[in-house]
1. How about region 130-142: which of its residues are out of contact with any strand residue (DSSP E or B) (no Cβ under 7 Å at 6 or more places or on another chain), under 24 Å from Gly2 (Cβ atoms) and not charged (D, E, K, R)?
2. Within region 28-47, count every residue that is over 16 Å from Gly149 (Cβ atoms) and surrounded by 14 or more Cβ atoms within 10 Å (Cβ to Cβ).
3. Would you check which residues across region 1-27 are open to solvent by less than 30 Å² (accessible area, probe 1.4 Å), touching an Asp or Glu at 6+ places or on another chain (Cβ under 9 Å) and among the aliphatic types (A, V, I, L, M) and list them?
4. Going through region 86-107 one residue at a time, which ones are among the aliphatic types (A, V, I, L, M) and touching an Asp or Glu at 6+ places or on another chain (Cβ under 9 Å)?
5. Of the residues in region 48-82, how many are without any contact (Cβ under 8 Å) to a residue 40 or more places away in the chain and open to solvent by less than 40 Å² (accessible area, probe 1.4 Å)?
6. Go through Ala93, Ala147, Ala111 for me and flag whichever is farther than 19 Å from Gly2 by Cα and among the small types (Gly, Ala, Ser).
7. Answer yes or no as to whether Val110 is of a type in the set (A, V, I, L, M, F, W, C) and open to solvent by 60 Å² or more (accessible area, probe 1.4 Å).
8. Of all residues in region 113-160, how many are assigned to a helix (DSSP H, G or I), open to solvent by 70 Å² or more (accessible area, probe 1.4 Å) and either in contact (Cβ under 8 Å) with a residue 60 or more places away in the chain or of a type in the set (Asp, Glu) (or both)?
Amino acid sequence: MGQIIAIDPGYDRCGVAILSEEVGKTEVVFSTCITTDKSQDQYLRLSYIFKQIEELLKKYNPKYLVLESLFFSINKKTAIKVAEARGAILALAGLHNLEVVEVSPSEVKVAMTGNGNAAKEQVEKMVRLTVKIDNGAKLDDEIDAIALGITSVQKIKLENTKKRLAK
């Protein structure tokens, strides 16, 4: 399957993880949380995220971009800004000819814990049990990106199998 870039989109903090999946073994190659300057205008924050992710795409050359699907919260202003960040990320996927896989927060929770209403702490515990990552403090956005990547592996395999069978 190769490399996957998984992104928990945001305009304030954007979790990013590069995972490698080869012969049934998933590894976290790199993870980070891109943090923007709150004092800057939205377009500058989006361009910063765009540039940071583009550098990672060039460095790791993934085949897939996994993106958390948009969760509509009560705060519409925040949802719009997150949607704008998703738009910038999706534009990068198009520019780099990546296959896009969207995963919902509940899909991640079910895949990682078996419970679609699991708490963030439960997901983090399962991420740390599933793949080897630095045990140091990680922002929840970074853990969420890793969880997205882990969840996407089976989803990608299933889609690839469906495509092969359809031929």
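1. Thr130
2. 5
3. If the condition is that a residue be open to solvent by less than 30 Å² (accessible area, probe 1.4 Å), touching an Asp or Glu at 6+ places or on another chain (Cβ under 9 Å) and among the aliphatic types (A, V, I, L, M), then Ile4, Ala6, Ile7, Val16, Ala17, Leu19 are the ones that fit.
4. Passing the criteria: Leu92, Ala93, Leu95, Val101, Val103.
5. Total meeting the criteria: 2.
6. Just one listed residue meets the conditions, Ala111.
7. yes
8. Total satisfying the criteria: 3.
The values are calculated or read from the model by the stated rules, or taken from the named source; none is laboratory data. Because the structure is predicted, anything quoted here is derived from the model rather than measured. Glycine also receives a Cβ, built like all others from the backbone with ideal geometry; neighbour counts cover every protein chain displayed. Only protein heavy atoms, including side chains, enter the accessible area calculation; ligands, DNA and RNA are left aside. Shrake-Rupley method; radii C 1.70, N 1.55, O 1.52, S 1.80 Å.
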